[in-house]
Each structure stands twice: as C-alpha cells, then as structure tokens.
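Let me begin by presenting the structure, written as structure tokens, before commenting on it.
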Amino acid sequence: MDKISPAAVADLRALLGDRVLTEPGALAAYGRDATPLFRHAPDVVVQPLTTEEVAGVMRIATRHRVPVTTRGAGTNLCAATVPLSGGIVLSTMRMTALLEVSREEMLTVCQPGVTAGALNRAAATEGLIYVPDPGSKEASTIGGNVATCAGGLRGLKYGVTRQYVLGLEAVLPDGEVIRTGGRLVKDVAGYDLTRLLVGSEGTLAVITEITMALVPNPAAARYGVAYFESMTDASVAVRDIVASGPAPATLEFMDAVCIAAVEDFAHLGLRLDAGALLLFGDDGEPDAVDRSVARMAEVCAGRATHIELAASVAAAEDLLAARRCNLPALARSGSMTILEDVTVPRPKLAEMVAFVAATAEKHGVRIGTFGHAGDGNLHPTAVVDADDPAATAAAVAAFDDIFRHAVDLGGTITGEHGVGAAKLPYLEHRLGPEQMALLRRIKGAFDPLGLLNPGKLGS
Amino acid sequence: MSEDTTSAVSKNVFSKDLLDACISCGFCLPACPTYALTGQEQSSPRGRITLMRMLETGELPADDSTLAEESSLCLGCRACETVCPAGVQYGHLLEEWRDEQWSGSKRPWIVRPLLLVANRKWVLRLLGLARRSARKRETSTQTTLMLGCFERALFPSVSRNLAALDPTLAVDPDQGCCGALHAHNGDLEQGRDLARALGERLPGTIVTTSGGCAAHLADVIGRDRVVEASEWLLKQNTDTAKTERPLRVGLQDSCHLRNGLGVWQEPRELLGRTATYVELPSAGSCCGAAGTYALVRKKESKAILAKKIAEIEAADLDLVIAVNPGCLRQLQTGLRKSKSRTKAVHIVDYLRGRQP
Ligand SMILES: Cc1cc2nc3c(=O)[nH]c(=O)nc-3n(C[C@H](O)[C@H](O)[C@H](O)COP(=O)(O)OP(=O)(O)OC[C@H]3O[C@@H](n4cnc5c(N)ncnc54)[C@H](O)[C@@H]3O)c2cc1C
Ligand code: SF4
Ligand code: SF4
C-alpha cells in the first residue's frame, strides 16, 4: 500500500468491518473493467450498504486525502472505473435495495447497485418498463447507467437514461448528502443538478439513490430484419425511414463482419452473404405497430436484398439478444477487441460509415461496425492480436482518424460509453478549451480536493 | 484480454487461447452463485479469470492467499459458461487452475482419501458387491451401463433400477472411476487417463446415471459415445405411468449436465409425463453439492443449500428429483435436517417406481 495510510484503512475497518478488502488478489480483480489496455489496482476496496456508510467513507477519504473511484458492475468501456491513482474503490454492488415501484406515479426508487435487468423485471410486475435498456442490462447497474447516461436499443423513440432520471440522492466528497429533483414531473427550482450528475462518471459525487421514471409496457412489439449489399445502403434506408413518419423504437445495424460473428455464436440463420443487416422494430398499440413495421419494410424494399419479419415474440427476442451480444461475439475472432462509440448527425451516417471502412483499410486494421443506426451512433470495433503491438498501434491510429472525422462532421467522440480515461485525450477536440476550463471549474465546485475518480472527466 | 498474459514470464499453467477468450465484459456476474454470496469481484467468473491471468504472468505469486481461496470457493458449476457470449470455457480453465493450485500436497486433505478409493478398481467392485449395485450382464447391444464409483456405495438401487428399466443395457462391474473427481480436484492428467481407460473397457455407447460423470466422460472420449440416463430413457420410450393422485414433482438440474452438455429438457419431459411438474425458481443453479464442495467448503455449501431447501418447501413438493448422485445426497441431507415432507429421489429410481 503506497497511496493509503494504515490509519485510513483502520478508519474504514472501524466503519465497515470485513467489508474492506486489502488482499493483493482482491485488489487486482478491481484493477480493471471491460476496457482493454487499462489497468491499475486500488489500495483498498470498500463495500458500503447504505448512504450513511458511503458518507462515512467519503469523510474518511477527505480526512486522509485518498482518491475514491466509484464502481458499479464495471462493464463500462472507457476505463472509467480503473483507479488510475490507486486509493479506494467504492463498490456499490451490495447496495441492491429496490425501494419502490409505483404504478400510480410510474416511477421507481432504488439503490445504485440494482441491475438494469432486475429493475426491469420488478417494473414488469406493475406493467411498466425501464426504458434505457443498454446491451449490458443484465449485468450493469442503475447507478452505472445514470453515471454514464447509458443508451439502449430503443433510443430513437424513447431517448436515453437522461430523460428518465427524476431525482438523485448523492454524497459529496466531504460526506455531505444532497437530494436533487424528486418525484415531480416539473421542477425548475435551481440549476438542473440532476442532469449534471447524469453522465458525470463518478467525478462529482457518489450517487446513492435514484428516482427513475418508468413507462407503461407497450401492448405489442414487432421486429424485422432487412439485408443490404452495403452499410451505406443500410444507412440511406435508415435516413429514409426516419424521414417517412414517426420515429420507430429500434433501428440497429451491423456489417458483414459482425453478422458472421453473431451467427457463429447465436445460430439464428442470418444471411452470411449480406453486406449489412438492419434490425428494425417498433412498439405500441398492435395496429399502430403493424403499420409502422410495414412502413419500414416498404421503405427498405427499394434497396434491401431480403426482408424478413420476425414471426413470433421469441424470434424477436432472439434477434435483440443477438444484437446485444455483438461485441463479445466479435471478440471470439481475435484476442483483443477495441470498441469505439462515435456518433454523427443521422444524415451524415452513410458518409461516416464509408469513412470508417476506408480508414480501416488505410491502416490495415480489421474493423467490424455495428451500432444504433437510428441514433447515428456507431460502434466500430477493431479485432486485433494482442501479442502484436504494431496491430494495436494501427488500431489506435485508425480510431484517432475516426474521432477527428466524426467531430468534423458535427458529431462526437462518444455517444453513450463515456469519456473515462480512454477518451480524455480527445475530449478537448470535441469541446474546445473554453468548455474544458468550465468543466474543471464545475469539478472544483463539487470536489475541490480532486478526490473523486481523478484522471477522468474534469481533470 | 490477453494484454494480461503477454508478459515475458509465462507460467504455462493455462492454455493461452482459453485465457485470451475472456473480454472482461462482466455478463457472467449475475449468473455466478459465489458472486451472489460475496458481492466481491474476485469471487466472480470475470474476477477469477483476472486472478488466473495474474498467476500466469507471475504478477501474483503461486502461494497468494486470494488464489488459494478463490480456486476453492468456486463451485465449478459452469453457470458462467451459459451466459458468456465470448464462449469462454471456464470449466476447462478451472481444471487447469486446480491442477496447479491443488497439486500434490496442496490438495485439500479431505478430498485425498476419496481420490485414493476412486483410483482402485477392486475397491469399487467390492463396494458394488457389498451394496448390491447392478449385477454383471451381457447383452447383444453395444450399450453399457456405467456404474458411478460413489453411487455404487451410496445409491446402489440406481444402477439396479436402470438395468431393470432397460433390459438391453449390458453391465460390467469390472469398471473403474470416470476420473471426473480427479479432473475437478487438481489431477487433470489422472482424470483424463481414467476416462480413457473407462472408454476402452466399455466399448460402444456408455449410459450414465450421473450428470457430472457424463460431462467429464464426454469431454475426454467424445460426446457421441456418452448418454445420460434421462436422455437415454426418453429415447427408449420407457413405459411409465401417472399415479392416481398426481404427485407434485420438482427437479434439481445437474450443473455439468445442463451447463456442460446442454441436457435439461429431457428430465423435465420425463417428469411431465408422469407427474405434475413444478419448475423450481433455481432448478438450473447449483445446490451446493458440486463434487467435493460440500466437504471442502462446508459453510458456503450449506448457505447455498439452505436457499434451495426453502424454495422446495415453498413449492410444497412430494418429490424433488436429482439426476446426479452428489445432488441427491446433498438434497437428502438438507431435507432431512429441515424435517421436510418432500423426498429427494434419483430420476431412475423414480421412473422405475412409476412402471405399471
Ligand atoms: C457487451 C457490452 C455491451 C454494452 N452495451 C451498452 C449499450 O448498449 N449502451 C450503453 O450505453 N452502454 C453499453 N455498455 C457499457 C456499459 O455497460 C454502460 O456504460 C453501463 O452503464 C455501465 O454500468 P456499470 O454498472 O457497469 O458501471 P461501471 O462500469 O461500474 O461504472 C461506470 C461509470 O459510472 C460511475 N459510477 C457507477 N456507479 C456510480 C454511482 N453510484 N455513483 C457515481 N458514479 C457511479 C463509475 O465511477 C464509472 O465512471 C456495454 C458494455 C458491454 C461490455
Ligand atoms: S461473460 Fe465471458 S467474456 Fe464476459 S467477463 Fe464473463 S467470462 Fe469473460
Ligand atoms: S463455475 Fe460457477 S461458481 Fe465458478 S465462477 Fe462459474 S458460475 Fe461462479
């Protein structure tokens, strides 16, 4: 232990007993998340159960000047939970109380360690759903979803986590507890601190309770698949679909590399000869859904080589599950995957897709692309041999070009995965020096000692 | 990710491609029963793979206490494999890990005598004779009943009843252990040797009444030569009937049968035909028996069992059916202690009892 004094550890033990881990093996396990290439072990891991315990941990951290990195399930893809300066990792995985699901007010109140999947199942018992629906929902936590402003497979119609967070309870670095927002649909008293904390990646406060809006479970949902010769054709179809009527819930696409990887894992009978697959779907009242899906199929018909509608709910679930496992399925074909998250205005999607393909070729990198096409959000994923440093360097160089081009097209370097440590070097290119300075001042207002997740946002 | 394993010192404990397959996505966390117990990353599949990587690179010394603790706390149930989209073969990784971690004098003392017994064919044969497991029988088929080593001593009726349910099955008492016990307890080579020897001794198809043995044997001698009893009986269309008062019957899956071989529908189908089948909420997850786990990790095994028994009680079952002798013993112990009205029975014994 170099960063933390024995006195600080003793204080933590006095507060939490055996929920304080210091064995080197345990610390190593907390030294990484789902991001490749980034690793650093903390000096101590704590597992609080309540807001009061979190506040106690923060007071100890402040007293002893120890950095604190909050960690949910550690499924983030931007090294946001890698404790670059050591110190304390505060795990929320035992804060799993689901305090309330209210049908009447259409909301839920829960602790941050509840998984999105568990919340969804609880909501379902009241005929409601938790909208954000990220691909990682069975594993990732609500606290993590809020702190990264996660998106999902129905963002086009429903938006992302930001739109659903009504109120938060959070602990500031000095141990003070604040409550922002609440159960109100309307509330403009003060700056919108709730939205400031959404996506703050554990750099401003530790979120200890979330009040989240739920929506009624739609009566029906239908999905279909259209195949295209190229990702460009699929992108044009996406643009035309959105232009032709109300936004549907789901427009997800993947290229040939991804189709092959997913088929190899899920065996759904996907067409391996296609250049692109577009998964389209909508939910709502049954006849409206039928009309919407028929319209999308019709718009695709001009360009698509094949169109298939899912015959059953089970078949639709299979398609969605296949899309959710896109990244790990890709990982089967190489020893390391580096995944990115650029987002562009939807009309520029076709251009961005073409640029990614050209860049991959230029740098000699194997890149598979999938993404939330309806949101203009692409996940180009490089599959490289980890033992070959030149290959990793080539992938990093390719992504450098891709980030810059996305920003030039009016897009962003990350749509939903966050900045963390991985994207921090590119942030200024997106925000400019004035905003970067303002970010630092905001960070300073919350966390004057710079203890929360140093080396990430606001640093 | 393999950046963890590319360090100059590689200990060659693990097959590189197996270790490289994990992308640390964390999808396996909610599936793992030991992670549910502790909420600590190092007791999760992903955390354990991180530990394996640190062992492989030498970043953690071989005698590290977390390595020792976690290699033993893991149930080896392989529930993590079924949800892993990257296709990580966790069961194989664990075998390689224990091969290192539990080799020779590092093996938990309590499992050593078990391995010694299972190594000796003549002891098993004597056990079978004393306890009257199925007798030697030659048939015209190329299909032989496997006599589980501890099953012969603990549940001899199972092999007798399977031989009675299907008269075409040959029985050869001169057979040894399949080696699953060894492979899961730090002696991979012996485990594989025993499986190969069994495969040579019993040519053709081998029918087994233990899910755990089925998975190990299939892994070594090939899936095409191994059939688990419920798979076999479903195929044979064995004549069984419903009782007048429909029994409420639940099932405890065998982890390796379900997660390793993908066999879980078959026993449900057989039970559905003869009883009111009730799916227990955690039927598919480990009961805490897990081979030698109930001996090595008494406390955790009991904690997992307690939840299971509570579920069985809540379901108000007449019978809970097992497809693996280890699970059967574990459930019987738990039900007896809680004075439950529910009885635990092996699927073969149950079906034999349903014959008209
Ligand atoms: C295969 C795969 C698919 C994915 N699909 C999607 C997807 O479709 N959409 C998407 O948006 N993301 C996706 N992700 C990324 C990831 O799952 C999300 O970012 C998720 O929201 C992270 O949740 P977590 O609980 O794992 O948080 P962690 O990874 O533990 O933490 C993420 C960040 O949140 C902070 N944090 C966590 N809890 C708190 C808290 N209580 N208070 C303050 N800060 C906190 C951490 O400090 C960190 O900065 C995917 C990841 C994988 C591996
Ligand atoms: S689900 Fe598979 S790839 Fe993902 S962390 Fe677990 S073992 Fe690794
Ligand atoms: S085998 Fe079972 S106990 Fe071990 S890591 Fe996998 S799910 Fe957890």
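The values are calculated or read from the model by the stated rules, or taken from the named source; none is laboratory data. Just so we're clear, the structure is a prediction, and the values are computed from it rather than from any experiment. Neighbour counts are summed over all protein chains in view; Cβ atoms, including those assigned to glycine, are modelled from backbone coordinates with ideal geometry. The area values use the complete protein model at the heavy-atom level, side chains included, leaving out ligands, DNA and RNA. Shrake-Rupley method; radii C 1.70, N 1.55, O 1.52, S 1.80 Å.
Quick one: with all protein chains in place, what share of the accessible area of segment B:279-356 is carbon or sulfur, to the nearest percent (1.4 Å probe)?
The nonpolar share, carbon plus sulfur, comes to 56 percent.
What shape does segment B:110-235 take by its C-alpha gyration tensor, where a ≥ b ≥ c are the square roots of the eigenvalues and a/c under 1.5 counts as rounded, a/b above b/c as prolate, and the rest as oblate?
In terms of gyration-tensor shape, oblate.
With the solvent-accessible surface defined on protein heavy atoms using a 1.4 Å probe, which residues belonging to segment B:69-85 display a reduction of at least 40 Å² in accessible area in the multichain context relative to the isolated chain?
When all protein chains are present, B:Pro85 each give up 40 Å² or more of accessible surface.
Buried accessible area between A and B (1.4 Å probe, both chains summed, ligands and nucleic acids excluded), in Å² to the nearest 100?
Accessible area lost upon association: around 2700 Å².
May I ask you to evaluate 6.51 cos²θ - 1.76 cosθ + 1.60, the Karplus curve with θ = phi - 60°, for each residue of segment A:45-52 and list the ³J(HN,Hα) values in order in whole Hz, giving x for glycine and proline?
Result, rounded to whole Hz: 10, 10, 10, x, 10, 10, 4, 4.
Defining a contact as two alpha carbons under 8 Å apart and six or more residues distant in sequence, what relative contact order in percent does chain A show?
Answer for chain A is 16 percent.
Compute, for B:Trp264, the solvent-accessible surface of its heavy atoms (probe 1.4 Å) with the complete set of protein chains present, and express it in square angstrom to the nearest 10.
Surface open to solvent at B:Trp264 totals about 100 Å².
Going by a 1.4 Å probe on protein heavy atoms, which residues of segment B:35-56 end up with at least 10 Å² less accessible surface in the whole assembly than in their chain alone?
The answer is B:Tyr35, B:Thr38, B:Gly39, B:Gln40, B:Glu41, B:Gln42, B:Arg46, B:Thr50, B:Leu51, B:Met54 - residues whose exposure falls by at least 10 Å² when every protein chain is included.
Which value, in Å² and to the nearest 10, is the accessible area of B:Ser338 when all protein chains are kept and the probe is 1.4 Å?
For B:Ser338, the solvent-accessible surface is approximately 50 Å².
Okay, helix-only estimate at 222 nm for the protein assembly as shown: each DSSP H run of n ≥ 4 adds -39500 (n - 2.57), divide by all residues, round to 500 deg cm²/dmol; what do you get?
Working: 34 runs with 347 residues, N = 815.
Calculated at 222 nm, the ellipticity per residue is -12500 deg cm²/dmol.
Roll a 1.4 Å probe over the protein heavy atoms and report the accessible area of B:His184 in Å², nearest 10.
50 Å²
Could you provide, to the nearest whole Å², the per residue accessible area of chain A with probe 1.4 Å?
37 Å²
For chain A, what % of the accessible area comes from carbon and sulfur atoms, probe 1.4 Å?
54 percent
Can you work out the Karplus-derived ³J(HN,Hα) for every residue in segment B:209-222? Use 6.51 cos²θ - 1.76 cosθ + 1.60 with θ = phi - 60°, whole Hz, and x for glycine or proline.
9, 10, x, x, 5, 4, 5, 5, 4, 4, 5, 8, 9, x
Below 8 Å between Cα atoms, with a sequence gap of 6+, how large is the relative contact order for segment B:101-228 in percent? It would help to have the intermediate numbers written out before the result.
On the way: 213 pairs, mean separation 32.7, N = 128.
Reported relative contact order: 26 percent.
Sort A:Thr305, B:Thr139 by heavy-atom solvent-accessible area, probe 1.4 angstrom, most to least.
Correct descending sequence by accessible area is A:Thr305, B:Thr139.
Would you calculate the separation in nanometres between label points at A:Glu105 and A:Val215, each defined as 7 Å from the Cα along the Cα-to-beta-carbon direction?
2.1 nm
Quick check: pseudo-label points 7 Å beyond the Cα along Cα→Cβ at A:Leu37 and B:Asp174, how many nm apart are they?
6.4 nm
Once amide H atoms are placed 1.01 Å from N in the peptide plane, what residues at a sequence separation of 5 or more from B:Val320, or on another chain, have their amide H within under 5 Å of its amide H?
For B:Val320, whose amide H was placed from the backbone, the distant partners under 5 Å are B:Gly250, B:Lys343, B:Ala344, B:Val345.
Taking the Cα atoms only, what angle lies between the long axis of helix A:6-16 and the longest principal axis of chain A, rounded to 10 degrees?
Long axis of A:6-16 versus the principal axis of chain A: about 70 degrees.
Check A:Glu100: other-chain or 5+ apart residues with amide H under 5 Å from its amide H, H built from backbone geometry?
A:Val109
So what are the ³J(HN,Hα) numbers for segment A:450-457, from phi and the Karplus equation (6.51, -1.76, 1.60; θ = phi - 60°), rounded to whole Hz, Gly and Pro as x?
Per residue, the Karplus-derived 3J(HN,Hα) values read x, 8, 8, 6, x, x, 10, 3 Hz.
Taking 25 Å as R0, compute the FRET efficiency from the Cβ-Cβ separation of A:Ala390 and B:Lys16 and round it to 0.05.
0.80
Does anyone have the angle between helix A:313-324 and the longest principal axis of chain A? Alpha-carbon axes, 0 to 90°, nearest 10?
With rounding to tens, the tilt is 60 degrees.
Take the alpha carbon gyration tensor of segment B:238-351, find the square roots of its eigenvalues, order them as a ≥ b ≥ c, and report rounded if a/c is under 1.5; if not, report prolate when a/b exceeds b/c, else oblate.
Oblate.
Would you grab the residues whose amide H sits under 5 Å from the one on A:Ala386? Only those 5+ places off in sequence or on another chain, please, with H modelled 1.01 Å from N.
Amide H neighbours of A:Ala386, under 5 Å, 5+ apart: A:Ser335, A:Met336.
Does the protein assembly as shown come out rounded, prolate or oblate, given a ≥ b ≥ c as the square roots of the eigenvalues of its C-alpha gyration tensor, rounded meaning a/c under 1.5 and, failing that, prolate meaning a/b above b/c?
prolate
Grab the other residues whose beta carbon is less than 12 angstrom from that of A:Pro218, score K and R as +1, D and E as -1, and report the net.
0
Could you give the accessible area per residue of chain B, probe 1.4 Å, as a whole number in Å²? Can you show the working numbers first?
Numbers: 14020 Å² over 356 residues.
With the other protein chains kept in place, chain B gives 39 Å² per residue.
Just add up the charged neighbours of B:Gly104: K/R +1, D/E -1, any other residue whose Cβ is under 15 Å from the Cβ of B:Gly104. Write down the numbers at each step before the final one.
Working: positive: B:Arg98, B:Lys106, B:Arg107, B:Arg112; negative: B:Asp63, B:Asp99, B:Glu100, B:Asp187, B:Glu189.
That works out to -1.
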